[in-house]
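The values are calculated or read from the model by the stated rules, or taken from the named source; none is laboratory data. All of these numbers come straight from a predicted model, not from anything done at the bench. Here the Cβ positions follow ideal geometry from the backbone for every residue, glycine too, while neighbour counts run over all protein chains shown. For the accessible areas, the whole protein counts, side chains as well, though only heavy atoms, and no ligand, DNA or RNA atoms are used. Shrake-Rupley method; radii C 1.70, N 1.55, O 1.52, S 1.80 Å.
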Amino acid sequence: MSEIQEKLKIEKKIRKSRVGDWFKNILTPTLESNNNSCINFEIGCGHGHWLTSYAQENPSLNFVGIDLITKRIEKAISKVTKRSLGNVSFCKADANEFLEFCDIELSNTFIMYPDPWPKKRHFKRRLIQLPFLEFLAQKTQLGGKLYFMTDHVDYFDWACAMISDSMHWNIIEEEWPHHEQSYFQNILPTNQFFCALRS
């Protein structure tokens with residue numbers, strides 16, 4: 001194993017340990033205090049603007065946002081602190097690592113403007129893949145929903161095709177649930193979205 005591979009392996013181990021500690025010390029106590037065992041989950045939450053606004057409008061629901069960039073999570077947490085919100089939490093985590101630790105049912109998952117990895121040789125890096133959809137379905141309650149938004153036409157078509165090939169998700173007619181604009185909605189001129197039902 002090369003030095004770089006060894007370093008990446010160690011970093012991943014540290015990251016997974018941190019996510020596990022976050023579940024134990026932050027999320028679980030939050031859910032217990034709110035008497036609600038389901039969470040609404042945003043993957044790639046950025047600075048947390050959209051999710052914080054959504055949580056503020058729905059104090060009886062629980063919300064969790066994840067992102068891989070530390071400064072984004074710090075800014076998201078500062079928004080929660082300023083608003084004194086007890087129903088939304090943010091964690092620096094990879095989506096698959098988060099789901100690996102997650103023993104709490106997801107009610108809805110939101111994915112907005114993920115990296116489209118537009119070059120064909122990079123398609124395998126796209127988040128929306130059949131194994132991911134299978135994993136997400138295992139963690140989502142029946143009747144839960146996956147909301148997906150992108151400005152990239154090819155990725156939108158790709159994601160729709162993945163949903164069609166999945167045994168656990170079906171695209172349904174559904175409005176986007178919260179209309180506070182995200183950072184990317186402000187800078188991107190067009191977007192497409194779908195809602196898929198866990199069945």
**Report entry** Gain upon complete extension [Ser164, Ile69; 0.36 nm per residue less C-alpha separation]
**Finding:** 31.1 nm
Query raised in the report: What nm value, rounded to one decimal, do you get for the distance between Asn58 and Ser199 when each label is placed 7 Å out toward the C-beta?
Result: 2.2
Report summary line: CD proxy, 222 nm, the chain: helix-only mean residue ellipticity via -39,500 (n - 2.57) per DSSP H run with n ≥ 4, per residue, nearest 500, stands at -13000 deg cm²/dmol
Query - DSSP beta bridge pairing in the chain, given as percent antiparallel to the nearest 5 - result: 35
Requested in this report: Can you tell me the relative contact order of segment 83-180? Whole percent, Cα pairs under 8 Å, sequence separation 6 or more.
Outcome: 31
Query raised in the report: At a 1.4 Å probe, what is the % contribution of carbon and sulfur to the accessible area of segment 54-199?
Result: 52
**Report entry** Percentage of interatomic Cα-Cα distances in the chain larger than 20 Å
**Finding:** 57
Query - Sites matching GluC sites (Glu not before Pro) across segment 74-146 that sit in DSSP coil, with at most 13 neighbouring C-beta atoms within 10 Å - result: Glu105
Report summary line: So the FRET efficiency between Gln138 and Glu175, C-beta based with R0 = 22 Å and rounded to 0.05, is 0.25
Query raised in the report: Rolling a 1.4 angstrom probe over the protein heavy atoms, how many square angstrom per residue are accessible across the chain?
Result: 55
Report task. Return a whole-number percent for the relative contact order of the chain, with Cα pairs under 8 Å and 6 or more residues apart as the contact set. Result -> 19
Query - Total formal charge among the other residues, if their Cβ is under 14 angstrom from that of Lys120, Lys/Arg +1 and Asp/Glu -1 - result: +3
